[in-house]
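Contents: one structure, followed by commentary.
The values are calculated or read from the model by the stated rules, or taken from the named source; none is laboratory data. Please read all numbers here as calculations on a predicted model, not as lab measurements. Positions of Cβ are generated from backbone atoms using ideal geometry, with glycine treated the same way; all protein chains shown enter the neighbour counts. Surface areas here come from the heavy atoms of the whole protein model, side chains and all, with no ligands, DNA or RNA. Shrake-Rupley method; radii C 1.70, N 1.55, O 1.52, S 1.80 Å.
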Amino acid sequence: MADPKLIKTPDMGEVQAKDFVERFSESVTKLTQALSTTRPQAMTQGNTIQMYKFTTNMAETTAVGEGEDIPLSGVKRVKDRAFTVTFEKARKAVSIEEVQRVGYDMAVLQSDKRILKEIQKNVRESFFAFLATAPTDLKAQGGLQNAIAQSVGKLQVLFDDDAVETIVFINPMDAAKYLGAAEITNGASVGFGLTLLNNFLGGVTLIMNSSVPEGTFYATVKDNINLMYLDTNGESRKLFENKSITTDETGLIALVRDDNTTNLTNQSTLYWGIKIFPEVANGVIKGTLAAPATGGASEETSGTGKK
């Protein structure tokens, strides 16, 4: 009988796996903080999400004679698209020869980290694809500062609220063009592969990521962004009762690590179902960034929220 103090699988593997899923959850937490969303909402049963849109029912005529009653125009929030959240999966295997050649940390743990980055990238790209589906088009705007100003105004109209908190997504290259001539003193933070600038241009949150096409910007209000996920601590976990499965408290992602003695490989299988989406579809604004008519980049250095 082996000594009970012997360190063996899955003693070390569980710690590494737990660290893996906790790193992912911590990164998602940074993402939700950047987007100012509430705590991610788990879908324990079912996987359907309903989106909404604003519709306007204008009166038949707006030409109203002197002293005549003005006909009513209506605004409604109605159901738009419905979509499903599905499990996404990834699996990798590392041979015993590769572990021997480069070491366990490089062969198994570092490759797990790379998989983690790819998962984050998939989630981000899915989100930006959603933003591009059917946005309200502001067309070309003269520079970043003007684009943000127009977005703030349009969102106040769309949501009928002058206290909305605007969040703008741009390509890092477009940010670089602006920041080359504008001083931002509050610095940047990074989470989930997104770079965040707070208090930018009077309190607007600016988020940079390469998934946004260069020369394009998206904007919405913070309360319009939701994060839903399939709970890997729910029914799906029962499938692996006889295996070692690691998740965190939220159940955002699951890692099943298995040592295959048939071919002497270490296998990592991951599954997750995460969707970030705007609740109100036409509460998303899109536009393009045109060069300012005069003055170049220096024209945009005024009003940058310097402290």
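Worth pointing out:
- Conditions (1) within 30 Å of Ala140 (Cβ to Cβ); (2) open to solvent by less than 20 Å² (accessible area, probe 1.4 Å); (3) part of a loop (DSSP other than H, G, I, E, B); number of the one not met by Tyr218: (3)
- Enumerated strands (runs of 3 or more DSSP E) restricted to segment 230-294, each holding at least 2 residues that are open to solvent by 30 Å² or more (accessible area, probe 1.4 Å): 253-260, 265-272, 285-290
- When residues of segment 93-110 are limited to those that are open to solvent by less than 30 Å² (accessible area, probe 1.4 Å) and not in a loop (DSSP other than H, G, I, E, B), the one nearest to Asn282 (Cα to Cα): Val108
- Where Asp11 falls short, out of the listed (1) of a type outside the set (A, V, I, L, M, F, W, C); (2) at pLDDT below 75; (3) over 30 Å from Gly283 (Cβ atoms); (4) surrounded by 11 or more Cβ atoms within 10 Å (Cβ to Cβ): (4)
- Among the residues of segment 132-142, those that are closer than 18 Å to Asp174 by Cα and open to solvent by less than 60 Å² (accessible area, probe 1.4 Å) comprise Ala132, Leu138, Gln141, Gly142.
- Residue ID - nearest to Asn282 (Cα to Cα), chosen from residues in segment 67-92 that are surrounded by fewer than 14 Cβ atoms within 10 Å (Cβ to Cβ), modelled with pLDDT of 85 or more and not hydrophobic (A, V, I, L, M, F, W, C): Thr86
- Members of segment 134-177 found to be among the polar types (S, T, N, Q), touching a helix residue (DSSP H, G or I) at 6+ places or on another chain (Cβ under 7 Å), more than 13 Å from Gly215 (Cα to Cα) and touching a residue at least 60 places away in the same chain (Cβ under 8 Å), listed by number: Thr136, Gln145
- Residue match in segment 53-75 (condition: under 26 Å from Val256 (Cα atoms) and in contact with a helix residue (DSSP H, G or I) (Cβ under 8 Å, 6 or more places away or on another chain)): no
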